[in-house]
Structure formats: structure tokens, C-alpha cells
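One structure is given below, encoded as C-alpha cells.
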Amino acid sequence: MKRSFSLVDVLLVLAFFSHITWAVSGSSPCKQTDVGVIRPHSVTITEFGAVGDGVTLNTKAFQNAIFYLNSFADKGGAKLFVPAGRWLTGSFNLISHLTLWLDKDAVILGSKLFAFSTQHLYGGHDHDALLLYNTIAVIVSESDDWPVVDPLPSYGRGRELPGARHRSLIYGRNLTDVIITGDNGTIDGQGTVWWNWFRSKTLNYTRPHLVELMNSTGVVISNVTFLNSPFWNIHPVYCSRVTVQNVTIMAPLDSPNTDGVDPDSSDDVCIEDCHISTGDDLISIKSGWDEYGISFARPSTNIVIRRLIGHNRNGSGIAIGSEMSGDTAIIFNGSFSQHPDEFYDPNALPVIERITFKDISGDNIKVAGLLHGIEGDSFRHVCLLNITLNVTTKSPWNCSNIQGYSALVSPKTCEPLKESIYPKHYSDCYLLPNHLLSSARHLAKEMLPDIRS
């Protein structure tokens with residue numbers, strides 16, 4: 001039984017991986033974005049009493065500044081300038097027609113109330129210390145700095161725990177024309193305390209992201225560094241026209257679930273020129289969870305990823321699906337053993353089609369591709385073009401329940417993808433216009449001289 005839930009039209013323009021170091025190159029129709037759009041109204045966070053000493057809590061200052069700027073949303077928009085300094089804050093909301101601008105040495109720090117106590121308590125075995133540690137976790141979980149909000153309707157529950165979830169550090173919903181940018185300022189989630197609570201199973205709710213924008217259109221995130229997110233870093237969910245550009249995302253390689261950018265039930269997404277090094281997937285494309293995602297029925301579509309450089313140990317470069325593994329260049333997997341509850345439909349099948357991988361190269365790769373659909377539900381029109389991988393194993397490709405085409409792939413791809421893209425099937429592939437046909441024929445003739453035009 002197939003449902004309307006789908007994940008379609010994805011272009012990955014990549015040049016990957018030296019020992020799980022990922023690099024992406026190529027071209028795509030991502031539109032030029034003007035992050036320097038002039039906002040007629042501008043204020044500095046210090047005008048609202050903020051102190052950039054890394055100690056003073058500035059949550060109210062950010063909230064009050066945003067509240068004030070909201071009066072200009074219908075008057076050409078506004079800009080909130082964050083100057084050099086270390087600005088400690090809890091969660092705050094964005095508004096429409098807003099530019100959040102971080103100066104070169106500006107650092108927005110996520111509040112970590114009582115984290116100083118947990119540093120020496122975590123991992124200890126003293127009963128009183130453990131009791132205090134758990135008490136601290138409850139206090140922070142109920143803090144106004146990290147409000148608890150309803151689960152996403154396409155998930156039905158928190159991603160880690162049943163029930164509600166913590167709101168992201170920077171949050172917005174139902175917005176239009178939102179820009180987070182600057183002169184490569186930094187947003188640091190100070191996630192260590194959250195990672196420790198996750199490992200010790202003392203979380204009360206699902207951890208917060210660094211940035212989550214929900215039901216929003218015209219989102220640009222550029223020229224900013226993201227550090228140490230408690231959970232996923234950038235999570236556009238139910239969004240359209242999203243650009244993530246010239247962004248650096250860093251977290252320790254053993255930090256749990258610190259995905260870089262996770263487009264979720266979103267369309268027209270461009271991710272380009274980013275450097276990501278995290279403890280999980282660099283990019284993970286999502287569309288909800290089981291029966292909740294099926295009911296919500298919003299696929300992820302028209303996603304372009306290009307010129308991505310990164311490094312990880314446990315996750316994937318680009319994840320489509322879940323239960324991914326490292327040391328593999330190209331991965332998507334239809335198998336997923338986690339479910340939100342017992343009410344999921346085991347017979348519901350997704351629609352996964354028109355996924356293009358092109359311009360990929362890499363060294364010291366254990367597995368070229370792990371491409372698995374679902375039995376009875378082949379993933380269709382998967383296309384591989386111009387891919388060269390130095391693979392260290394004898395079985396470079398592992399494929400099942402997929403159908404597609406390839407051209408100029410080394411090592412030779414798996415049987416379900418061996419049929420050539422050109423000349424008959426380029427239109428079945430996502431974002432492979434026919435002007436590539438002549439160059440592809442030329443390259444193919446050089447590699448296989450007996451091919452006829």
C-alpha cells in the first residue's frame with residue numbers, strides 16, 4: 001500500500017570524502033541570494049540592555065529587541081545587529097522581514113544553567129552527586145531559557161522521548177523573509193551538558209536544536225559559524241525557499257545526533273559552500289516519522305546540495321533515510337527500525353524517486369554506495385553521473401530494491417543502476433538537462449570507444 005508521503009527530486013552535486021572527509025563540487029540552479037538587503041530600521045542588541053561578557057544572561061534583551069522590531073515588519077523590515085562580544089541567552093523567537101546580523105567577533109551563547117555543576121558530576125558514581133545531577137537536569141529542563149513546546153505534527157512526539165520537546169535556541173514559525181547572517185559571527189549552543197544528559201539518560205524532553213524555522217518561506221542562513229549544538233544544528237521544517245550558504249558547522253566527532261542541516265518536509269532548498277564537521281550526518285533529508293509523516297503528507301522536494309566539505313565519524317555525508325553508517329560515500333536506506341509508537345502502519349510505503357548524484361570523487365572509501373529501497377517498493381530513477389571513488393573493499397556497491405541509471409562511474413556500479421543515463425534516460429533523472437548530453441557522450445566515448453552516438 002503506497003501513501004502520499006514522499007521524498008522526491010533531490011540533486012546532490014558532490015565531490016566526496018577522504019576517510020570520512022566529505023567534499024562537494026559542481027553547479028546547480030541555486031539562485032544568488034542578497035543577504036545585504038537594506039532594512040530601513042536597525043537596532044543594536046546593547047540598546048536593550050544586553051551585556052556581552054559571556055556571563056550576563058541576555059534572554060530578555062533579545063526577546064525585547066525582537067518585540068520592538070516587530071512593529072517594523074510591515075514597514076520594510078528591520079535588522080538586529082549583534083556586535084563583538086559573548087552574548088549569553090536562552091531561546092528567542094524571530095519575526096518576518098528580519099535580518100539577524102552577527103559581527104565578526106560576535107558569539108551568541110546558548111544558556112547552560114547549572115552546567116558548571118554537571119561538569120564534575122557527570123560520570124561520577126557517588127549517590128549524592130548523582131541525585132544532585134538529576135535534580136539539576138530537572139531544573140534546567142523546566143527553565144524559561146529552554147521552553148518546552150509541542151511535538152511536530154509530522155512526528156507525533158519528541159524525536160528522543162515521548163511527549164513535548166525543547167524549543168530551539170533561535171526559533172521562528174509562520175515567517176516570511178528571514179535572514180541570519182553577518183561577518184562570520186558565531187552561534188554556540190554549548191551543548192556539552194545536553195550531550196551528557198543524553199548519555200546518562202536523564203533528559204526529560206527531546207533536546208533543542210540551534211536553529212529551527214517552521215512553516216516559513218524565504219529563509220536565508222549564511223556567513224555564520226555554528227558550534228556545539230545540543231541536537232541538530234539547522235532544522236528548516238515545513239519551509240519553502242530555503243538557502244543555507246557559506247556556513248560552518250562544528251561539533252565534536254563523538255557528540256550525539258549533532259546533524260548539520262536537516263531539511264524536513266521542505267521544498268526548494270539550496271545548501272551550498274558549507275563546511276560541516278559533526279558527530280552525525282552532515283546533511284539529513286527528512287519527511288516526518290511513520291504514520292504522523294504520512295498523515296501530514298508534506299514531502300521534501302527540489303533540494304540541491306553542492307560544494308559541501310565536511311568530516312564525521314558516525315554518520316553520513318548525505319543521509320536519505322536513517323540507520324546510516326560511516327566510511328560510505330553514497331547512502332540511502334529504506335530500513336528504519338525506530339517508530340514513534342505502536343500505531344504505525346508496517347504496510348505503508350513511501351514514494352522515493354528522482355535522486356541524482358553527480359560530480360563525486362573520493363579517496364580511502366570503504367564502500368562506494370549503500371543504496372537500499374524497501375521490498376515491494378523500489379526507489380525509482382536514482383541516477384549516478386561522473387563519479388570516481390578509490391574504494392578499499394572488494395564489494396564497492398551494495399544495492400537492493402532500487403532502479404535507475406548511471407554514466408561515467410568508477411568502480412562500476414551495481415546491476416540495478418548499470419543502464420546508461422544517455423541518450424534515453426537523462427529526462428528521468430532530476431536536474432540533468434539535455435545540454436549535458438553531448439559532453440557526456442564525448443566522455444563516454446573516451447572511456448568506451450565502441451559506444452556509438
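Which of (1) farther than 15 Å from PHE332 by Cβ; (2) surrounded by fewer than 23 Cβ atoms within 10 Å (Cβ to Cβ); (3) not hydrophobic (A, V, I, L, M, F, W, C) does TYR405 not meet, given it meets every other one?
Condition not satisfied by TYR405: (2).
Go through region 68-85 and count every residue that is surrounded by fewer than 18 Cβ atoms within 10 Å (Cβ to Cβ) and on the phi < 0 side of the Ramachandran plot.
Summing the residues that are surrounded by fewer than 18 Cβ atoms within 10 Å (Cβ to Cβ) and on the phi < 0 side of the Ramachandran plot in region 68-85 gives 8.
Name the single residue, out of those in region 281-316 being among the aromatic types (Phe, Trp, Tyr) and not in a loop (DSSP other than H, G, I, E, B), that is modelled with the highest pLDDT.
Looking at residues that are among the aromatic types (Phe, Trp, Tyr) and not in a loop (DSSP other than H, G, I, E, B), I get PHE296.
Kindly indicate which of LEU88, LEU69 is closer than 19 Å to GLY185 by Cα and among the hydrophobic types (A, V, I, L, M, F, W, C).
It is LEU88.
So which residues in region 28-58 are loosely packed, with under 14 Cβ neighbours inside 10 Å and closer than 30 Å to PHE357 by Cα?
Once the filter is applied, which keeps residues that are loosely packed, with under 14 Cβ neighbours inside 10 Å and closer than 30 Å to PHE357 by Cα, region 28-58 yields PRO29, LYS31, GLN32, ASP34.
For region 263-295: of the residues being touching a Lys or Arg at 6+ places or on another chain (Cβ under 9 Å) and hydrophobic (A, V, I, L, M, F, W, C), which is surrounded by the most Cβ atoms within 10 Å (Cβ to Cβ)?
ILE271
When the residues of region 354-391 are narrowed to those that are open to solvent by 60 Å² or more (accessible area, probe 1.4 Å) and part of a strand (DSSP E or B), which ends up nearest to SER410 (Cα to Cα)?
Among those residues, the one meeting the criterion is THR388.
Restricting region 151-176 to residues that are within 30 Å of ASP34 (Cα to Cα) and assigned to a loop (DSSP other than H, G, I, E, B), which is nearest to the chain's Cα centre (by Cα)?
SER168
Among (1) under 24 Å from LEU227 (Cβ atoms); (2) without any contact (Cβ under 8 Å) to a residue 60 or more places away in the chain; (3) basic (Lys, Arg), where does LYS75 come up short?
LYS75 satisfies all of (1) under 24 Å from LEU227 (Cβ atoms); (2) without any contact (Cβ under 8 Å) to a residue 60 or more places away in the chain; (3) basic (Lys, Arg) except (1).
For ASP262, indicate whether it is under 12 Å from the mean Cα position of the chain (by Cα), among the charged types (D, E, K, R) and either closer than 20 Å to TYR171 by Cβ or at pLDDT below 95 (or both).
yes
If you take the residues in region 225-257 that are part of a strand (DSSP E or B), touching an Asp or Glu at 6+ places or on another chain (Cβ under 6 Å) and within 18 Å of CYS270 (Cα to Cα), which one is most open to solvent (accessible area, probe 1.4 Å)?
The extreme case among them is ARG241.
Within the group ILE187, ILE136, ILE179, which residue is among the aliphatic types (A, V, I, L, M), over 20 Å from SER255 (Cα atoms) and either assigned to a loop (DSSP other than H, G, I, E, B) or modelled with pLDDT of 90 or more (or both)?
After applying the criteria, what remains is ILE179.
The values are calculated or read from the model by the stated rules, or taken from the named source; none is laboratory data. As the structure is a computational prediction, the values presented were derived from the model and not from experiment. As a convention, Cβ positions derive from the backbone with ideal geometry for all residues, glycine included, and neighbour counts pool all protein chains shown. Heads up: the accessible areas ignore ligands, DNA and RNA and are worked out on the full protein's heavy atoms, side chains in. Shrake-Rupley method; radii C 1.70, N 1.55, O 1.52, S 1.80 Å.
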